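> Supplied in structure tokens, the structure appears directly below.
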Amino acid sequence: MNGIILMLCADMVFAVMASATKWTGAHIPSFEVVFVRSALSSAALILICEIKGVSLRPKEPILLWSRGIIGYIAMQCFFWALPQIALGTAVTLNYTAPLFAVALSFVWIREKPTLTAKLGLAISFVGVWLLASPQFGGRPEALFAALVSGLFAGGVYVLIRRSRHADDPLLVILYFTLTSTLASGAWTIAAGWVAPSAGEWAGLAAITVSSFIGQICLTYSLHKAPVWVVSPFAYLTPVLSLILGWMFWKEVPSAQNLAGCAIVIACGVVMLAKRRTA
């Protein structure tokens, strides 16, 4: 139950983060948004680790750096796509992560795929097509980036679960933010710093705080309960994002959009509910 509650909290703050990113990313380059978010989060995490006496030396450094690299790619793709397509579409495509997590666990943990899993994956991409195809004429590369973010985020789910007995959850998040800081910082230096306005700094602050809280809730959720238990509850975020997109950007989803979103969510919930091993 604690894992489920933490996942629901992550849902709400991640929806806020996506909305703030969509607004701020329309004015500030995505790699700069990632840099500010990651650098401030890293500083806060180092301070918290020092206060709590958490060693900064990981037991499985390769696993943590791998999680950091994969997580950075997922976040960079997602942040880049958000300002360019509908909020609900971007978030739903990113939230194919639990579906990819189940698929990747077949490869990494050598679990044999069930018939339900095979059918669920196949049907879910029908939903992805219904959701994304109306926007192919606009920015197909942004749609692809959002889907790639889901693939890499699915890898993060599996790596977090695999590292739950090795390193403290705070250290897992810290290595992710450190990796993201280094990578996005290099991009920012190469492209040049774009000075944010006061309002944009407020947006960056909202992104940093919400993503920081969300990462902590997500990581502790996956440490406290199996993936198949908590992951279905993550689908509250796309629903909230559809509502926020309608409220703030007047993005009214079509019947086809809603059908695609419903199929992706239903397939994810069914697949994860059927998966009884962590």
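> Within segment 128-142, does at least one residue satisfy the condition of being in contact with a Pro (Cβ under 8 Å, 6 or more places away or on another chain), over 28 Å from ILE28 (Cβ atoms) and either at pLDDT below 90 or in a helix (DSSP H, G or I) (or both)?
Among the residues of segment 128-142, not one is in contact with a Pro (Cβ under 8 Å, 6 or more places away or on another chain), over 28 Å from ILE28 (Cβ atoms) and either at pLDDT below 90 or in a helix (DSSP H, G or I) (or both), which makes the answer no.
> Residues of segment 4-54 being of a type in the set (D, E, K, R) and either at positive phi or open to solvent by 10 Å² or more (accessible area, probe 1.4 Å) (or both), which ones? Explain how you work it out, then say what you get.
Of all residues in segment 4-54, those of a type in the set (D, E, K, R) come to 11, 22, 32, 37, 50, 52.
Those that are of a type in the set (D, E, K, R) and either at positive phi or open to solvent by 10 Å² or more (accessible area, probe 1.4 Å) (or both): LYS22, GLU50, LYS52.
> Within the set of pairs 6+ apart or on separate chains, which have a first residue in segment 48-61 that is over 15 Å from THR177 (Cβ atoms), a second that is open to solvent by 50 Å² or more (accessible area, probe 1.4 Å) and of a type outside the set (A, V, I, L, M), and C-beta atoms under 9 Å apart?
Qualifying pairs under 9 Å: LYS52/ASP168; SER55/ASP168; GLU60/ARG162.
> Answer yes if at least one residue in segment 207-218 is hydrophobic (A, V, I, L, M, F, W, C), over 17 Å from GLY25 (Cβ atoms) and open to solvent by less than 30 Å² (accessible area, probe 1.4 Å), and no otherwise. Let's see the steps before the verdict.
So the first thing to find is which residues in segment 207-218 are hydrophobic (A, V, I, L, M, F, W, C), and the list is 207, 209, 212-213, 216-218.
Of the ones still in play, those that are also over 17 Å from GLY25 (Cβ atoms) are 212-213, 216-218.
Next cut, open to solvent by less than 30 Å² (accessible area, probe 1.4 Å) only: 217-218.
Yes, because at least one residue in segment 207-218 is hydrophobic (A, V, I, L, M, F, W, C), over 17 Å from GLY25 (Cβ atoms) and open to solvent by less than 30 Å² (accessible area, probe 1.4 Å).
> A follow-up question, please. Would you mind stating whether LYS118 is assigned to a helix (DSSP H, G or I), among the charged types (D, E, K, R) and either at pLDDT below 80 or closer than 19 Å to PRO226 by Cα (or both)? Let's see the steps before the verdict.
Details: assigned to a helix (DSSP H, G or I): yes; among the charged types (D, E, K, R): yes; either at pLDDT below 80 or closer than 19 Å to PRO226 by Cα (or both): yes.
Spelling it out, LYS118 is indeed assigned to a helix (DSSP H, G or I), among the charged types (D, E, K, R) and either at pLDDT below 80 or closer than 19 Å to PRO226 by Cα (or both).
> If you go through segment 217-237 one residue at a time, do you hit one that is in contact with a helix residue (DSSP H, G or I) (Cβ under 7 Å, 6 or more places away or on another chain) and basic (Lys, Arg)?
Pass one, segment 217-237, residues in contact with a helix residue (DSSP H, G or I) (Cβ under 7 Å, 6 or more places away or on another chain): 217-225, 227-237.
Adding the requirement that they be basic (Lys, Arg) leaves 224.
Yes; the residues of segment 217-237 include at least one that is in contact with a helix residue (DSSP H, G or I) (Cβ under 7 Å, 6 or more places away or on another chain) and basic (Lys, Arg).
> Taking only segment 243-265 into account, find how many residues are closer than 23 Å to GLY120 by Cα and open to solvent by less than 50 Å² (accessible area, probe 1.4 Å). Break it down stepwise before answering.
Applying the first criterion (closer than 23 Å to GLY120 by Cα) to segment 243-265 yields 255-265.
If we keep only those that are open to solvent by less than 50 Å² (accessible area, probe 1.4 Å) too, we end up with 257, 259-261, 263-265.
Residues flagged as closer than 23 Å to GLY120 by Cα and open to solvent by less than 50 Å² (accessible area, probe 1.4 Å) within segment 243-265 amount to 7.
> Can TYR175 be described as farther than 17 Å from THR21 by Cβ and surrounded by fewer than 23 Cβ atoms within 10 Å (Cβ to Cβ)?
Working: farther than 17 Å from THR21 by Cβ: yes; surrounded by fewer than 23 Cβ atoms within 10 Å (Cβ to Cβ): no.
Taking the combined requirement at face value, the residue does not satisfy it.
> Suppose the filter is without any contact (Cβ under 8 Å) to a residue 40 or more places away in the chain and either out of contact with any helix residue (DSSP H, G or I) (no Cβ under 8 Å at 6 or more places or on another chain) or of a type outside the set (A, V, I, L, M) (or both); does PHE78 pass it? Steps first, please.
Working: without any contact (Cβ under 8 Å) to a residue 40 or more places away in the chain: no; either out of contact with any helix residue (DSSP H, G or I) (no Cβ under 8 Å at 6 or more places or on another chain) or of a type outside the set (A, V, I, L, M) (or both): yes.
Here the answer is no, as PHE78 does not meet what is asked.
The values are calculated or read from the model by the stated rules, or taken from the named source; none is laboratory data. Computed from a predicted structure; not experimentally measured. Reconstructed Cβ throughout: ideal geometry from the backbone, glycine too, with neighbour counts over all protein chains shown. Accessible surface is based on the protein model in full, side chains and every heavy atom, while ligands, DNA and RNA are left aside. Shrake-Rupley method; radii C 1.70, N 1.55, O 1.52, S 1.80 Å.
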